[in-house]
Amino acid sequence: LTMKTKLLALAVGVVMVSSVAWAHHAGSIYDRDNMVTLKGVVTDFQFTNPHVQVVFETTNANGQKEIWKAGSAPPQRLYRAGWNTTTLSPGDEITVTCAPAKDGSKICSIKSLIGPGGKVLTQGAE
């Protein structure tokens, strides 16, 4: 390989790693001082790395349907807290307490979730 090819590969690798690191540590986008509690119906549940995702439909105060995406801890930690790949399924009714995005977008970071049968699911130990 030529020196130019090696430098290009190194530069691409640095950019890829830095963008992943920035995205992973973007917790400052959430308003942790003003938690919200939302009731809704699960439309998608992804028990995958790097963070578990719960997508759900809720109805706002004006009666309009909204789709929210709620992020959670990594699957390994949630597994220790009692979650698994079958904890939630589309159609399940849930209540989510979470930190909403500061910019008003319909995303949030889960603090706790009440799932089917009233089971309280937390993030586990940090």
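Points worth noting:
- Complete set of residues in segment 45-57 that are over 19 Å from Q76 (Cα atoms) and of a type outside the set (A, V, I, L, M): F56, E57
- For segment 28-56, filtering for residues that are under 12 Å from S89 (Cα atoms) and among the hydrophobic types (A, V, I, L, M, F, W, C) leaves 7.
- Total residues in segment 31-66, condition surrounded by fewer than 11 Cβ atoms within 10 Å (Cβ to Cβ) and part of a loop (DSSP other than H, G, I, E, B): 8
- When residues of segment 110-123 are limited to those that are surrounded by 14 or more Cβ atoms within 10 Å (Cβ to Cβ) and β-branched (V, I, T), the one farthest from T48 (Cα to Cα): I114
- Flag for K69 being free of Cβ contacts under 8 Å to residues at least 40 places away in the same chain and either open to solvent by 50 Å² or more (accessible area, probe 1.4 Å) or assigned to a strand (DSSP E or B) (or both): yes
- Residue ID - nearest to V41 (Cα to Cα), chosen from residues in segment 73-109 that are modelled with pLDDT under 95 and open to solvent by less than 10 Å² (accessible area, probe 1.4 Å): W83
The values are calculated or read from the model by the stated rules, or taken from the named source; none is laboratory data. Since we're looking at a predicted model, the values are computed, not measured. Here the Cβ is made from the backbone with ideal geometry for all residues, glycine too, and neighbour counts use every protein chain on show. Remember, those area values only see protein heavy atoms, side chains included, never the ligands or the DNA or RNA. Shrake-Rupley method; radii C 1.70, N 1.55, O 1.52, S 1.80 Å.
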